[in-house]
Amino acid sequence: MQLQNNKNKFNPFSLVIIVLFIAFSINPIFGGVLIVAIIFFLVKNPKSLTTYFSNYLQMTSKLQENLTENNSDIFKELNTNTQPIIPANIFNVLSKKVRLEKRKKYLHIALNSTLEEAGDIISQLPVSDRILIEAGTPLIKIYGTEAISRIKALAPAGTYIVADNKCTDLAAREVEMMANAGANASTCLGVAPIETIDSFIEECQKFNIDSMVDMMNVENALSVLKKLKKLPDVVMLHRGVDETEFSAEKQIPFYQIKQIKGNYDVLVAVAGGDTIREAQRAIFNDADIVVVWKNFYQSSNDTAKLAESFLQEIK
Amino acid sequence: MLNQRSKYLQIAFNRSLDEVKGMIAMLPVSEKIIIEAGTPLIKQYGKSGITALKDWWEEKLQKPGYIVADLKCMDRGTTEVQAVAEAGASAATCLGLAPIETINEFIRECEKAGIDSMVDMMNVEFPFEILQKLKKLPTVVVLHRGVDENEKNREKQIPLDQIHRIKGTYGKVLISVAGGETTREVVRTFFNDSDIAVIWRSFYEAPKNTAQLAQDFLKLVK
């Protein structure tokens with residue numbers, strides 16, 4: 001069923017091939033010119049290729065799911081044993097270059113429970129370059145760097161993957177590990193020693209990934225930023241889950257967003273709660289990235305809805 | 001669990017598992033040696049890294065050894081503690097820099113899981129202030145200088161004078177000191193009344209020397 005649906009969809013690749021064929025039958029030289037033009041176009045816009053392949057990868061992963069639903073046992077084994085890492089790895093080269101853009105607004109989805117649930121959530125998400133997927137700290141600590149490469153493999157190719165490693169020491173080693181596992185960004189704690197944050201940002205630049213500094217439990221983010229040698233790409237204003245649960249009166253300091261953006265040329269991410277209204281509030285307060293996790297942590301039902309309404313309402 | 005009267009040497013492992021296996025084989029057999037799964041190791045291999053260390057050390061000791069999972073927990077204490085306890089760790093660490101709610105939750109969860117709780121006071125200026133705010137005391141307080149700090153900023157020192165003050169006020173907690181590397185430094189931390197000395201750098205660079213250090217240490221504390 002799924003397969004047929006996908007076949008009926010408009011397919012740019014087959015269209016290009018048909019046009020090429022016609023061109024060749026009219027005049028071989030004309031065909032040759034067209035090939036050169038297409039190659040030129042692809043070199044200029046590598047992203048157009050990525051979206052095509054991401055559709056393809058989603059289709060195959062959906063197909064696999066359908067199969068598992070039908071005959072459970074055998075395919076479950078197959079699923080766990082054979083990881084679909086191979087197709088995604090080809091695009092590691094391409095997607096490593098994916099960096100955040102200054103003018104866009106992003107939705108950052110943190111995955112924290114298990115890899116199975118992560119796969120479930122990812123398959124329901126709409127495809128967009130404005131959705132960032134995060135391998136949460138518990139996932140990294142439980143599965144190791146495998147968590148990142150698995151999530152990268154599950155997600156559509158070219159998806160921006162954040163490794164929430166919450167680095168506090170030995171920054172060089174951790175950044176290298178995360179970058180090699182395929183992450184596009186890595187996080188460091190704002191409460192860590194300044195020397196660690198400095199070396200973290202330096203290493204991130206070396207490996208061409210974005211650096212995020214997580215200001216959890218930091219009273220004044222500006223005073224940390226002041227001490228740094230170089231600025232990180234993203235500053236994250238963050239309330240811990242434990243804090244939120246046990247003392248609800250602490251609030252995310254929205255007023256700090258403007259302060260930070262006024263003084264420094266960085267993107268600001270805010271943990272924005274779990275409804276579309278809260279996300280809107282964060283964006284309205286000038287945040288560039290909204291981090292959501294609670295919904296996703298508990299069930300994956302409302303995931304797609306929130307992501308879709310985010311994409312629609314916040315441009 | 002840890003004995004209040006005894007002194008321990010904790011060796012942190014941060015390298016790849018293959019290398020770690022060889023290093024563990026070089027260590028002398030003693031219950032006074034604690035094996036730590038370092039943060040980078042946990043982030044690289046996850047739970048399976050901890051289990052591997054535990055199995056190797058158990059093989060060497062011929063009985064279950066003491067394994068510390070250096071989680072450096074900052075949030076979601078519950079999930080992480082459960083995971084490492086399952087993996088076979090005997091203790092887990094939490095950052096003193098974390099929100100107080102997280103540390104409280106972490107200590108409670110450690111008790112529930114039956115493992116020791118360690119609070120790492122890296123980059124905390126006054127460990128006292130944090131201990132005061134806690135509902136329950138952790139089993140161990142770790143006084144710690146970060147590796148990155150050490151390399152770039154040599155004038156910062158481990159506050160050895162704090163050990164007596166903490167022990168005087170909170171009799172029950174054990175104190176662990178991370179940072180010293182040579183026999184002399186290890187002796188100095190014990191002289192200042194710490195219970196556990198954590199080393200890693202010398203092991204990273206010259207595993208054989210550290211095996212020697214471990215042996216020296218064992219002679220010393222006998």
| Quick check: is even one residue across segment B:144-165 among the small types (G, A, S), open to solvent by 20 Å² or more (accessible area, probe 1.4 Å) and within 14 Å of another protein chain (Cβ to nearest Cβ)? | no
| remark: Selection over segment A:161-202 where residues are open to solvent by 10 Å² or more (accessible area, probe 1.4 Å) and in contact (Cβ under 8 Å) with a residue 60 or more places away in the chain yields a count of 0
| remark: Those residues of segment B:6-56 which are farther than 21 Å from B:D116 by Cβ, open to solvent by 50 Å² or more (accessible area, probe 1.4 Å) and either within 14 Å of chain A (Cβ to nearest Cβ) or at pLDDT 90 or above (or both) amount to B:R15, B:E19, B:Q44, B:Y45, B:S48
| note | When restricted to A:K166, A:K206, the only residue more than 14 Å from chain B (Cβ to nearest Cβ) and of a type in the set (K, R) is A:K206
| remark: All conditions in (1) within 13 Å of another protein chain (Cβ to nearest Cβ); (2) under 15 Å from A:I142 (Cβ atoms) are true of B:G88 except (1)
| request: Only residues that are open to solvent by less than 30 Å² (accessible area, probe 1.4 Å) and more than 10 Å from chain A (Cβ to nearest Cβ): list them for segment B:93-115, please. | output: B:T93, B:C94, B:I107, B:E109, B:C110, B:I115
| remark: All conditions in (1) modelled with pLDDT under 55; (2) assigned to a loop (DSSP other than H, G, I, E, B) are true of A:R103 except (1)
| Of these, A:E245, A:E278, A:E202, which one is under 18 Å from A:A163 (Cα atoms) and among the acidic types (D, E)? | A:E202
| From the options A:E134, A:E101, A:E146, residue that is away from chain B (no Cβ under 11 Å) and surrounded by fewer than 22 Cβ atoms within 10 Å (Cβ to Cβ) | A:E101
| said: Restricting to segment B:119-141, name every residue that is within 14 Å of chain A (Cβ to nearest Cβ) and within 15 Å of the chain's Cα centre (by Cα). | reply: B:V119, B:D120, B:M121, B:M122
| remark: Filter segment A:1-60 for residues that are under 30 Å from A:D120 (Cβ atoms) and of a type in the set (D, E, K, R); the one that is modelled with the lowest pLDDT is A:K7
| Matching residues, segment B:57-69, being more than 18 Å from the chain's Cα centre (by Cα) and either buried (at least 22 other Cβ atoms within 10 Å of the Cβ) or under 13 Å from A:Y143 (Cα atoms) (or both) | none
| Does B:G77 satisfy being modelled with pLDDT under 90, open to solvent by less than 10 Å² (accessible area, probe 1.4 Å) and within 14 Å of another protein chain (Cβ to nearest Cβ)? | yes
| Within the group A:V241, A:V224, A:V235, A:V191, which residue is within 11 Å of chain B (Cβ to nearest Cβ) and at pLDDT 90 or above? | A:V191
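The values are calculated or read from the model by the stated rules, or taken from the named source; none is laboratory data. These numbers come from a predicted model, not from an experiment. Neighbour counts run over all protein chains shown; Cβ positions are idealised from the backbone, glycine included. Surface accessibility is based on the protein's heavy atoms, side chains included, excluding ligands, DNA and RNA. Shrake-Rupley method; radii C 1.70, N 1.55, O 1.52, S 1.80 Å.
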